Amino acid sequence: MEILQLVSIKLQKINIIHIIFTSFSIHMFVISHPNFEVLDEVYFTTFMRWFMLGIDHSPYQLPGLSFIVSPFVYVFGDNWASWRFPIVILGMVFLYFNYKVIEHVSSKKTALITSIIMAFSPVIFVSSSLMLRDMPVMAIGFFSIYLYFKHKYYLAALFIGLSALIKETAIFFVIFIVIYHTLNNKEELIITSKNIQKYGLQFIKTPLISLLIMMASFLIPLAIYDNTITVLEYSTRHPEYFAVNENFERGVVRFDILKSNAEIYQKPVEQFNYLSQVTNPIHHLQVVFTKGYYTQQEVATNEFIASFLPIPSGKTIHDIVYGYDKTFIDEEGIEKHQKEYSTLWVQSIIDYTWWHVGFWSCIVLISYTLFQRIKNKIQISKDMTFIFAGFAFFIPYLIIDMLRDTFAYYMIYFLPVMGMGLATIIYKIPNKTIRFLLFTAFLLAIISNFLYIFPMWGF
């Protein structure tokens with residue numbers, strides 16, 4: 001018992017700065033492995049290179065990630081450090097504001113446990129180690145929630161609008177704030193709605209101005225982008241250029257944008273067979289929603305469902321091969337590295353060590369709270385309101401799963417809610433020894449899974 005108390009005292013001295021420093025140190029150790037594009041980095045590095053040349057062949061993807069990374073590439077060169085370092089920094093921003101947000105609605109202990117879980121969750125670690133879009137959106141999104149909690153509504157709206165330039169999943173944070181605000185201020189909203197003539201302007205002023213700021217912070221930069229960069233729309237997602245074949249016949253060649261080379265980079269705009277030039281944000285969004293989304297049913301998988309239900313996931317994205325084990329010199333004299341990633345590495349992104357327990361902890365907590373609310377008319381606490389509103393990060397993907405294949409790592413936005421649910425339900429156990437042992441078991445399992453995979457990654 002004395003040993004448990006001693007360990008507990010030591011753990012209480014850990015704070016969020018220690019967690020961020022540890023996570024940052026591990027990130028800096030591993031971000032050079034591999035020293036070439038991995039997973040969807042192959043897309044975003046290519047989009048960024050075209051952006052730096054002043055042209056966009058892929059307007060179906062929003063350009064915000066290139067805004068973040070290109071200054072580092074311009075200063076430090078086109079290499080793994082420039083691609084990934086800004087994402088690592090944003091990963092640390094996410095950890096900090098995830099802690100501050102949960103501390104606001106719950107307690108420092110719950111926030112600290114949740115932050116440890118986030119720091120050692122492979123999907124969070126991978127997304128904050130590579131040039132991918134989700135971590136920048138999550139960092140800015142949780143910063144926006146923090147600003148909302150500090151009643152800086154207009155500033156929160158500004159940052160959510162800017163984060164939407166990176167990925168449209170920023171809308172999840174808008175839905176979350178609307179649900180949280182409605183549930184947390186329902187009595188005030190009911191009184192105001194009953195006296196709409198007296199409080200009408202006050203009732204709509206802040207939401208309306210916030211909406212206008214959000215739209216302006218998204219649409220104005222996108223309009224500037226569309227009129228500064230040459231943005232080309234093609235008949236399909238794939239760009240094309242005019243070429244002359246061996247019979248000196250003029251034709252059109254469709255090229256894989258991932259295989260862009262020096263010859264293609266140097267082609268003037270008039271040599272591309274584009275459908276139209278995008279010059280306004282409405283046209284740009286039309287391209288995003290018509291060519292940016294697709295039905296992918298060729299890979300049968302239950303992976304997203306399996307991430308919260310204990311069922312086999314079937315065939316999954318883990319079978320995709322990204323290259324082969326070899327180093328070679330391409331036609332331009334540039335050394336290229338390709339490697340087939342082990343199933344272990346890709347599958348490690350999914351951490352079933354705590355996902356199932358975390359998800360069902362949220363379900364149990366919400367169900368019990370609603371039962372108590374109906375039966376005993378209790379006031380719903382902020383932490384339960386947060387968890388309930390947090391399903392705004394989960395339900396959209398559950399709906400999308402009916403239309404196309406979805407994968408377990410789409411749960412990344414919901415992980416902070418699941419982590420908080422796990423910590424909250426354990427803290428409700430009255431026996432300190434059992435509570436300590438459960439926390440120890442889960443944290444050891446999560447960290448052991450992390451250490452089993454990282455920092456080696458199998459490369």
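The values are calculated or read from the model by the stated rules, or taken from the named source; none is laboratory data. As the structure is a computational prediction, the values presented were derived from the model and not from experiment. No Cβ is skipped: glycine too gets one built from the backbone with ideal geometry, and neighbour counts run over all protein chains shown. In case anyone asks, the SASA skips ligands and DNA or RNA and just uses the protein heavy atoms, side chains included. Shrake-Rupley method; radii C 1.70, N 1.55, O 1.52, S 1.80 Å.
Annotations for the structure displayed:
- Residues whose amide H falls under 5 Å from that of Thr230, counting only those 5 or more places apart or on a different chain, are Ile55, Asp56, with hydrogens built in the peptide plane.
- Checked against a 24 Å cut-off, the cross-linked pairs Lys109/Lys186; Lys375/Lys428; Lys186/Lys428; Lys108/Lys152; Lys152/Lys291 give Cα-Cα distances beyond that limit for Lys109/Lys186; Lys186/Lys428; Lys152/Lys291.
- Region 81-170: trypsin sites (Lys or Arg not before Pro) in DSSP loop, at most 12 other beta carbons within 10 Å: Lys150
- Calculated accessible area for region 50-100 comes out at 35 Å² per residue, all protein chains present (probe 1.4 Å; ligands, DNA, RNA ignored).
- Per residue, region 366-431 exposes 44 Å² of solvent-accessible protein surface, assessed with a 1.4 angstrom probe and all protein chains in place.
- Here region 382-449 has 74 percent of its accessible surface on carbon and sulfur atoms, given a 1.4 Å probe and all protein chains in place.
- Percent accessible area from carbon and sulfur atoms, region 77-131, protein chains only, probe 1.4 Å: 65 percent
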